[in-house]
Amino acid sequence: MPGFATIDFETTGLFPGRSDRAVEVAVVHSDADGTITGRWDTLINPGRDLGPQHIHRISGYEARQAPSFAEIAPRLLELLSGRVVVAHNASFDLRFLLAELARMGYRHGPEVVSLCTMQLAGRFLPGSRRSLAACCATFGIDLDGAHRASVDAGATAQLLAAYLDHSGERSGWQECLARGAEHEFARLPGSGVEWFPRERAWPAGRMRAGGDREGGQARRAVRFEADFGPTAGRAPHGLALGAGDQVALTGSMSRPREEWNAILAGNGVVPRSYVTKAVKLVAAADPDSLSTKARRARAYGIPVVSERALTALLGL
C-alpha cells in the first residue's frame, strides 16, 4: 500500500559534504490519508565528536554503544523504499542521507521522491514562520523534546496529516504517492544489527534527564552520576597536575578554548592542541567523547576527564 515515510536526522553539524555525520535517525510511516502506521528510531555512532550536544542532547556514552550508519542502512532503505520521503527542510535530511550512503560506496541514481513540510507551509500557512515549532503550534501539535529524531519526525508526520486534512483537491497528493510507490532503493545485505534507540543506552530505571520520551509521553528521570554517563569523567585517584604537565582539550566546553588555555598556562600547565604520549591528561566537554583526541588518549592510556574534574584538579 503506498504511503509516506517521514524522516528526521540529528547530526554533528550542517555540512554532510565535509566532515559532519548523522548521529540519530527516525522514520515514521503514514498511509495515504496521513494516519501513522509505524515508528522506528536509532542512535548512530558517527566515529567522531558529536558536535553541538546541547542541541541534540546525545552523549558520547550513548553514541559509543550505537551501530554505525552502515549497520543501520539496510533497514533504513527498506523503510524508505516504495514511499514518498517527507521531512521538514527535506533538502537537509536528504543531503545527509545521500552523503552517508555515498561514504559506504552506495550511489542512488534516481531522484528521491520527496515532500518538504517546510516548503508546503507556504501553501497551507501563508505568511507564518516556517520553523517546525511554529508550524506545529499553528495546528496544536505537541513538540515537547524537539531535536530528538523520533520527536521531530513524529511531529512532522502529524503536520503532514494536517496538510492533508486541509487539502480540498487530492489529485496532486495521489500523483506524488504513485511516483513514490515506484521509487525503490537498492537493497543492501542485512547487517544483523538491531536499531538502538536512546532508551537502550541506559540501565533500566536510570535514564538521564532531558526530555527523553516513551510512548509519546515525556519521561523525567534523575540523571545518574555526574556529566553524561557512568564513567562520569572523574580524575583517577591520586592524579595531580604540576608545572610543565601537558593537557589537551576537546569538545565545546563551558569556557571558551582561549580562556581555558590561558588558565592552564597561568597554572604552569602546557595546553596542547593534539595528543601525544607526553600528554598527561585530556579534558573533554563529554568524557565519553568520540573525538580523535579522546580516542587517541584512550589508545595511549591517558585519562580523559570532564571539565568539572579539570577545574577541581586546578583548584579553581
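The numbers here are math on the coordinates, done by the rules we state, and not lab data. Because the structure is predicted, anything quoted here is derived from the model rather than measured. Backbone-built Cβ (ideal geometry, glycine too); neighbour counts: all protein chains shown.
Give a quick list of trypsin sites (Lys or Arg not before Pro) in region 1-100 that DSSP marks as loop, anything other than H, G, I, E or B, with at most 12 other Cβ atoms within 10 Å. Walk me through the numbers on the way to the answer.
Values: sites: ARG18, ARG21, ARG39, ARG48, ARG57, ARG64, ARG75, ARG83, ARG95; in loops: ARG18, ARG21, ARG48, ARG57, ARG83.
Sites meeting the loop and neighbour criteria: ARG18.
Residues of region 43-84 with the amide nitrogen closer than 12 Å to a label point 7 Å from the Cα of PHE15, along Cα-to-Cβ, please.
Those under the cut-off are none; the list is empty.
Summing -39500 (n - 2.57) over the DSSP H runs of n ≥ 4 in the chain and dividing by its residue number, what mean residue ellipticity at 222 nm do you reach, to the nearest 500 deg cm²/dmol? Write down the numbers at each step before the final one.
Details: 11 runs with 107 residues, N = 316.
Only helices count here, giving -10000 deg cm²/dmol.
What are the trypsin sites (Lys or Arg not before Pro) within region 262-315 that DSSP puts in a loop, where the Cβ has at most 16 other Cβ atoms within 10 Å?
On the way: sites: ARG272, LYS277, LYS280, LYS293, ARG295, ARG296, ARG298, ARG308; in loops: LYS277.
Hits after loop and neighbour filter: LYS277.
If you project the alpha carbons of region 75-121 onto the principal axes, what extent comes out on each, in Å, largest first?
Principal-axis extents of region 75-121 (Cα, largest first): 35, 20, 18 Å.
Might you report the magnitude of the Cβ-based charge dipole of region 3-219 about its Cα centre, with Lys and Arg at +1 and Asp and Glu at -1, to the nearest 20 debye? Before the final figure, lay out each step's value.
On the way: 24 positive and 26 negative charges, 115 e Å.
It works out to roughly 560 debye.
Expressed in nm to one decimal, what extension gain is obtained for the pair GLN119 and SER254 from 0.36 nm per residue of sequence separation less their Cα-Cα distance? List each step's numbers first, then the result.
Details: separation 135, 0.36 × 135 = 48.60 nm, distance 3.61 nm.
Between GLN119 and SER254, full extension yields 45.0 nm more.
Of the beta bridges DSSP finds with both residues in region 246-313, what % are antiparallel, to the nearest 5? Can you show the working numbers first?
Details: 0 of 11 bridges.
Rounded to the nearest five, the antiparallel share is 0 percent.
If neighbour count is taken as other Cβ atoms inside 10 Å, put LEU160, LEU50 in order from fewest to most.
LEU160, LEU50
What shape does region 3-219 take by its C-alpha gyration tensor, where a ≥ b ≥ c are the square roots of the eigenvalues and a/c under 1.5 counts as rounded, a/b above b/c as prolate, and the rest as oblate?
Oblate, since a/c reaches 1.5 and b/c is not below a/b.
Loop-only check: which GluC sites (Glu not before Pro) in region 54-128 are DSSP coil with at most 16 other Cβ within 10 angstrom?
Details: sites: GLU62, GLU71, GLU78, GLU100, GLU111; in loops: GLU111.
Answer in residue order: GLU111.
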